[in-house]
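Below you'll find the structure, written out as structure tokens, and then a few comments.
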Amino acid sequence: MIDIQGLNFSYGSVSTLSGIDLQVSEGEFLGIVGPNAGGKSTLLKLMLGLLQPQSGQLRVLDRSPRAASRLLGYVQQHPSFPRDFPITVEQVVQLGRMGMHRNSRLLDALRLARMSSPDREAVRGALEEVEAVDIAKRQIGSLSGGQLQRVLLARALVGEPRILILDEPTANIDQRLEGEIFDLLKALNTRMTILVVSHDIAFISGYVSRVACLNRTLVCHRTDAIDGALIQRLYGEPMRLIAHTH
């Protein structure tokens, strides 16, 4: 599904990613962890075709990331529009159906767009899947953090992606809601490949099949191979580890 070999990326003279090798198989649930400024969001942007590597190979679904973009669902850490933007939940999800992920002329696009019957069914289906049908007509700015994350997930799902990529999807919600979101992701994993960035290595180890530890370079581990010494090397400070069994 994703094949990365010898990938290097720099912002100017500052090396951000060095010699990255990663292969993601169909149906995998991969966690990506690492410290701030370790390159996690940059790696996602490269997979999405938003950035171009300086060297190395990156193929998504056996094509370039840009060519594969319609088959990818993306949930950003922060919404791509202000919370007070005058748009409803249903319209946010509709934008995912239109392949739009930025707030440039969003209202103009929505006014001109006429959803077909299949599009309306897809929007409703995505809202049902994340249990958000009852808030479809609400303004996006009125939602709680947990509700907003469900809506952003619905926007990613409405395009029927083969790969779902999430950048810190539970960073601003409490632990109970975090569990609900990851339970939903686990169910979605039965039909799509999922990559999720998180700082909480202990929590996600109960859901993912492998963990990619990224701090400029990348090393993959199965969850049962992660111990306190590895985490300390990755983050540079002592951390507690909670073990999970599958």
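The values are calculated or read from the model by the stated rules, or taken from the named source; none is laboratory data. Bear in mind the structure is a predicted one, so any value in this text is a computation, not a measurement. Note: ideal-geometry Cβ built from the backbone for every residue, glycine included; neighbour counts use all protein chains shown.
Observations, loosely collected:
- Looking only at residues in region 121-141 that are part of a helix (DSSP H, G or I) and of a type in the set (D, E), the one that is surrounded by the fewest Cβ atoms within 10 Å (Cβ to Cβ) is D134.
- Of G6, G38, G31, G19, all but one fail to be assigned to a strand (DSSP E or B) and crowded, with 16+ Cβ neighbours inside 10 Å; the exception is G31.
- Qualifying residue in region 24-38 (condition: closer than 15 Å to A156 by Cα and outside the structural domain of Q147 (by TED's automatic domain parsing)): no
- Within region 30-52, residues that are farther than 22 Å from S209 by Cα have Cβ atoms under 8 Å from residues that are assigned to a helix (DSSP H, G or I) and among the β-branched types (V, I, T) in these pairs: L51/T42, counting only partners at least 6 apart in sequence or on another chain.
- Which listed residue, of S144, S117, is closer than 22 Å to Q77 by Cα and surrounded by fewer than 15 Cβ atoms within 10 Å (Cβ to Cβ): S144
- Flag for Q76 being touching a Phe, Trp or Tyr at 6+ places or on another chain (Cβ under 8 Å) and either surrounded by fewer than 17 Cβ atoms within 10 Å (Cβ to Cβ) or in contact (Cβ under 8 Å) with a residue 24 or more places away in the chain (or both): no
- Of the residues making up region 147-165, those that are in a helix (DSSP H, G or I) and either assigned by TED's automatic domain parsing to the domain that holds F29 or in contact (Cβ under 8 Å) with a residue 60 or more places away in the chain (or both) are L148, Q149, V151, L152, L153, A154, R155, A156, L157.
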